[in-house]
Amino acid sequence: MKLPESTEWVLHAVTALAQLVPGEAGQPGQAVSAGQLAEHYGVPAGYLVKQLQSLVRAGILSAATGPHGGFRLARPAGQVTMLEIVEAVDGMSPFYTCNEIRQRGRGAVPVPPDVCVTTCGIAARMAEAEAAWRQSLSAVTVADIVESLPPGVPERTRQLLSRA
């Protein structure tokens, strides 16, 4: 399984937004434009904005237009998991699909279809691996990632993404 490069982009973009100072009394924090985030990471703005809009539809980010518009977290970083971000941009389709090739071709001739009523061992192991991967990502929040950053990185991110 290989996730698209854009998955890395949105994971980093959300983490960058989580490093910004939140607003007062539950108000949203600073908004950052897709252009700023694209420049910050050296990625194409037009493509990044499409990915960020997927995160808005999923309720992970909020977006506003105008001179002070842009993207910001829609809820606290401790309530956003890596799995939510990945699923918002890459979907929730299974990584592996068993097409029952054990019932096709010359190898299927001696095996009657009723022998194949249970899930094949390969499909079962792939489903277990996917479930473990999803469980692992669901246990990590954006706040966990921010807390693991080297000292000084959040302050530098705030400085680089602040609007003068």
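Computed from the coordinates by the stated procedures, all read-outs in this text should not be read as laboratory data. Since the model is a prediction, treat every value here as computed from it, not as a measurement. Here the Cβ positions follow ideal geometry from the backbone for every residue, glycine too, while neighbour counts run over all protein chains shown.
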| said: How high is the relative contact order of the range 5-161? Use alpha-carbon pairs under 8 Å, at least six apart in sequence, and give a whole percent. | reply: 31 percent
| task | Compute log10 of I(q)/I(0) for the chain with the Debye formula, placing one identical point scatterer on every Cα and leaving out solvent, at q = 0.13 Å⁻¹, to two decimals. | result | -0.67
| What FRET efficiency do you get for ARG158 and GLN135 if R0 is 41 Å and r is their Cβ-Cβ distance, rounded to the nearest 0.05? | 0.80
| remark: When the charge dipole of the chain is computed with +1 on Lys and Arg Cβ and -1 on Asp and Glu Cβ about the Cα centre, the Cα farthest towards its positive end, among THR141, PRO44, ILE85, belongs to PRO44
| task | Output ³J(HN,Hα) for the range 147-153: one whole-Hz value per residue in order, computed from phi by the Karplus curve 6.51 cos²θ - 1.76 cosθ + 1.60 with θ = phi - 60°, and x for Gly and Pro. | result | 5, 8, 5, x, x, x, 5
| Residue farthest toward the positive end of the dipole of the range 43-164, with Cβ of Lys/Arg at +1 and Asp/Glu at -1: which of ALA129, PRO76, SER162? | SER162
